[in-house]
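Okay, so here's the structure we're looking at.
The values are calculated or read from the model by the stated rules, or taken from the named source; none is laboratory data. Quick caveat: nothing in here was measured; it's all calculated off a predicted structure. Don't worry about glycine lacking a Cβ; one is built from the backbone with ideal geometry, like all the others, and counts go over all protein chains shown.
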Amino acid sequence: PTVFDVQRVRADFPLLSRTVHDKPLIYFDNANTSQKPLSVIEAVDQHYRLRNANVSRSVHLVGEEATAAYEGARDKLARFINATSRNEVILNSGTTQAMNMIAYSYALPRLKEGDSILTTVMEHHANIVPWQLVAGRTGATVKAAPIDERGELILEKYFEMLTPDVKLACVTHVSNVLGTVNPVREIARECRRRGIPLVVDGSQAVPHRPVDVQALGCDFYAFTGHKMLSPTGTGGLWARKELLEEMPPFFGGGEMIREVSFSGTTFAAPPHKFEAGTPNIAGFAGVGAAVDYYDSLGFDAIHAWEQQLLAYLTERLRDIPGLRLFGEAKEKEPVVSFLIEGAQATDLATLLDLQGVAVRSGHHCAHPLMQFYKVPATLRASLAFYNTREEVDAFITALLKVRKLLM
Ligand code: PMP
């Protein structure tokens, strides 16, 4: 096994040492939101203690420092996902805002009756509902490419469905329910050949693997800060410069204009054109620290450790009688969904909580995926690099115990 000093890493995350119901916390709900290292918490704290001012408008030193922290986070994110330019990175509140911005700024002005948007059956609602909202206004439709029982996208079908009526194609990089890693490069190549822009939901990919938007070849890449060690209410959207230049702004207001008058207003250049109003400056001070934290560990080490944990967790789960696993893709990130015969997911999750285990039960904002598997809900254990084999063991022990209680 790879040497990864997980105990040293855990010491950086204050919340991991708390107890719940008098039991040590086992936090296996990382796909929902990750915990935050001390460096991120301190960056936010330091911001409010020492650098709190608004961005861009100030010539005073504190304002310049706040601007440097905010714009510095953009630089770090641009490098983190290998954007061609910092001006291609829009800072926002996360994937939901990113998808809605694409829907209203890119799709709405272009869609007409008979057009369609292609997404997939395994998407989070954030990669479905915004498209339905703009489709409803324009007479366009949303269609979804199918998956197979293993939880892999049926790629030939996705490509077959990329017909000339498709004006926007969408796919998640990693499924938040199944952990499936989708072949974004191949999908991007096919979209490009057909001149269809591709939107990628990177929410569950960015926390686990190095992302290179140029190598992926997509056109939009959305991600959420709170799943990648950062404060809630932070996130970003990368988009090709040409697209951002063509797109009208979604929100109007301060910070996003060049000149305002009643005879006409001109807008700032991207990315600021898409950042109306005062942003989550302290949050982005935290994002900067989060990117530094990932850099300090490196994704080689993170990925190797998480894959070991995933393999171990999957192997241990397979031994549980009556357990049905959802998502057995060849390439996965550390997310495991399952059900146990004869027990409700929510009952299991509630009893697991009493054992100190935090997992999620429910539909995971993926109704169409639940409909595909014909289940109302699953139980989901999602790992991060600060989890341990001992936690997996304790989780399995707890699961066997609560299973017995419900049988
Ligand atoms: N897409 C995926 C795959 C997700 O897992 C999530 C968060 N559960 C989102 C989108 C939405 O992210 P947010 O709510 O942070 O905007």
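When segment 226-269 is filtered for residues that are within 22 Å of S203 (Cα to Cα) and either at pLDDT below 95 or not assigned by TED's automatic domain parsing to the domain that holds V134 (or both), only F250 remains. Looking at L297, L309, L354, L325, just one residue is more than 16 Å from the ligand (Cβ to nearest atom), at pLDDT 95 or above and in contact with a strand residue (DSSP E or B) (Cβ under 7 Å, 6 or more places away or on another chain), and that residue is L325.
Of everything in segment 238-259, what is within 10 Å of P271 (Cα to Cα) and hydrophobic (A, V, I, L, M, F, W, C)? Give them in sequence order. W238, A239, L244, M256, listed by residue number. When L348, L399, L313, L339 are checked against the criterion of being under 25 Å from the mean Cα position of the chain (by Cα), assigned to a helix (DSSP H, G or I) and buried (at least 19 other Cβ atoms within 10 Å of the Cβ), L313 stands alone in meeting it.
For V9, the stated conditions hold: it is among the aliphatic types (A, V, I, L, M), buried (at least 18 other Cβ atoms within 10 Å of the Cβ) and outside any loop (DSSP other than H, G, I, E, B). Residue check: is G233 more than 16 Å from the ligand (Cβ to nearest atom), on the phi > 0 side of the Ramachandran plot and either among the hydroxyl-bearing types (S, T, Y) or assigned to a loop (DSSP other than H, G, I, E, B) (or both)? Spelling it out, it is not the case that G233 is more than 16 Å from the ligand (Cβ to nearest atom), on the phi > 0 side of the Ramachandran plot and either among the hydroxyl-bearing types (S, T, Y) or assigned to a loop (DSSP other than H, G, I, E, B) (or both). From the residues in segment 82-110 that are within 25 Å of H367 (Cα to Cα) and not in a helix (DSSP H, G or I), which one is nearest to the ligand (Cβ to nearest atom)? Ranking the qualifying residues of segment 82-110, first place goes to G94.
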